[in-house]
Amino acid sequence: MWDFETEPEYQAKLDWVEEFMREKVEPLDFLDASPYDKSDERMMRVLRPLQQEVRDQGLWACHLGPELGGQGYGQVKLALLNEILGRSRFAPSVFGCQAPDSGNAEIIAHFGTEEQKARYLEPLLDGEISSAYSMTEPHAGADPTLFTTRAERDGDHWVINGEKWFTSNAKYASFFIVMAVTNPDAGPYDRMSQIIVPRETPGIEVVRNVGVGSESSREGGHGYIRYTDVRVPADHVLGGEGKAFAIAQTRLGGGRIHHAMRTIAQARRAFDMMCERALSRQVRGSRRDTDRTPLSTLQMTQEKIADSWLQIEQFRLLVLRTAWLIDKHGDYLKVRKDIAAVKVAMPAVLHDVAQRALHLHGALGASNEMPFAAMMIGAEVLGIADGPTEVHKITLAKQVLRQYAPHEGLFPSGHLPSRREQAQARLAELLEHEAAQV
Ligand SMILES: Cc1cc2nc3c(=O)[nH]c(=O)nc-3n(C[C@H](O)[C@H](O)[C@H](O)COP(=O)(O)OP(=O)(O)OC[C@H]3O[C@@H](n4cnc5c(N)ncnc54)[C@H](O)[C@@H]3O)c2cc1C
């Protein structure tokens, strides 16, 4: 069955979300506070009642199944929700689906022991703590087989040494999930494990918090972390020794599609502002010096609007279709191709739409009084974080090529003279019969 409509009960929830976002959530983005800082009592006093309203609506932690306190709506409905929530940096925390906690929760739920779930997953799902994922190293990121952070067994403990970089939200995290080499003699994809490291463990040093973009004076949110003789109990390995790659795939697959859902919201926001500007800004008309006409009447403005609308709608359909495939298969590995395609398309859509919107706003658009410059660096980040575009294009092409086989013979299977010859041979009998009838 093909259907592009939202069922009325869920649409009513989405309508509620639209108003709730506008009235109560989006204003929070102007606070000088982080939704991840659970020690900020002032901010938590604002956040908790809003989270309760979301729970009362049955919309808390929609990325998870009911067994984990989520709603089990599936990825398509999550996409319809996230394409609204993506407008606001606070919204995912208000709705209990903020990255990187959402991905960390997913892998502890999938691979964790009962003790790990009780100690780390439950408070994470309740929104009481934040977490971080510590995989990328300063010398290597896109190719995880090059990571060198080492965890060595010492009695009942693992002892971790190494450096990690771009560990988002490190400064607010109550625990880190660290990817480290535990089995150096195994093959490149079986050498590493994911280890849960509580924040208070001695030996964790945040060298600095790196930011993105041009504001070099402000502290960023991505931790450069040095682990020196960090001892954690042996039972803090997640999902078994050597399983880091399989776990990372589960985590990153979900993370990528969720970012894509939220990116639709960002691109739409830029698009809405572009259209408003096109209708509002007057420029000189073509006939007389005194003529005034809105930007929207100029064809090159209309082209920007048409191209942007098309890009957003095409991308949205790709995201929704991929979400539908995830629901159908229940296995991220079966939709690797589709997730890679979404990951490749995502930065380009946001970049192009934000760039056009910036341009149509002139100097104001390039200033720090509008969000376009931040959106454009955000688009670049989307093309790097969770694996660069090039790597995902390679995955996409390899997966697509699996559906094809080489063709034997001098000319390709689409060669027109060869096809004509084959068609004539196949239809010879029928053609002869037809000719006899004439
Ligand atoms: C805002 C932000 C948040 C992040 N959060 C986290 C986090 O919470 N935890 C974490 O562990 N990491 C995080 N990262 C790191 C991210 O996952 C890495 O940046 C990413 O995997 C790329 O690694 P790299 O930066 O070392 O780039 P490199 O591996 O050095 O690659 C640099 C460039 O080389 C090219 N390239 C690399 N490999 C190939 C290839 N095979 N084929 C063709 N070209 C290639 C690409 O152009 C690529 O952009 C974050 C990054 C950003 C920007």
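A few points about this structure:
- Note that region 326-438 carries a Kirkwood radius of 19.0 Å, evaluated over its alpha carbons pair by pair.
- Taking all C-alpha pairs of region 58-188, those more than 27 Å from each other amount to 29 percent.
- Mean Kyte hydropathy of 1.6 or more with a Cα span along the axis of at least 24 Å, helices from DSSP in the chain: none
- For the chain, pairs of C-alpha atoms spaced more than 31 angstrom apart make up 49 percent of the total.
- Fewest neighbouring Cβ atoms within 10 Å first, the residues V212, V206 line up as V206, V212.
- Pairs of C-alpha atoms in region 131-238 farther apart than 17 Å represent 50 percent of all such pairs.
- Rg over Rh for region 246-401 works out to 1.10, using Cα positions for both radii and the Kirkwood form for Rh.
- With R₀ set to 35 Å, the beta-carbon distance separating E23 from V400 gives a calculated FRET efficiency near 0.20.
- Dipole of the chain, positive end: most advanced residue of G213, G70, N183 [Cβ charges, Cα centre]: G213
- When +1 charges are put on Lys and Arg Cβ atoms and -1 charges on Asp and Glu Cβ atoms, the dipole computed for the chain relative to its Cα centre reaches about 1060 debye.
- Region 246-401: Lys pairs at Cα distance under 24 angstrom, eight or more positions apart or on different chains: 12
- Neighbour counts of C-beta atoms inside 10 Å place E380, E106 in the sequence E380, E106, starting with the fewest.
- Least to most buried among F95, F4, F20 (fewest other Cβ within 10 Å first): F4, F20, F95
- When each of the peptides 166-174, 272-280, 299-307 is scored by the mean number of other C-beta atoms lying within 10 Å of its residues, the order from highest to lowest reads 166-174, 272-280, 299-307.
No value in this document is a laboratory result; all are computed from the given coordinates. Keep in mind that what you see is a predicted model, and the values were worked out from it rather than measured. Don't worry about glycine lacking a Cβ; one is built from the backbone with ideal geometry, like all the others, and counts go over all protein chains shown.
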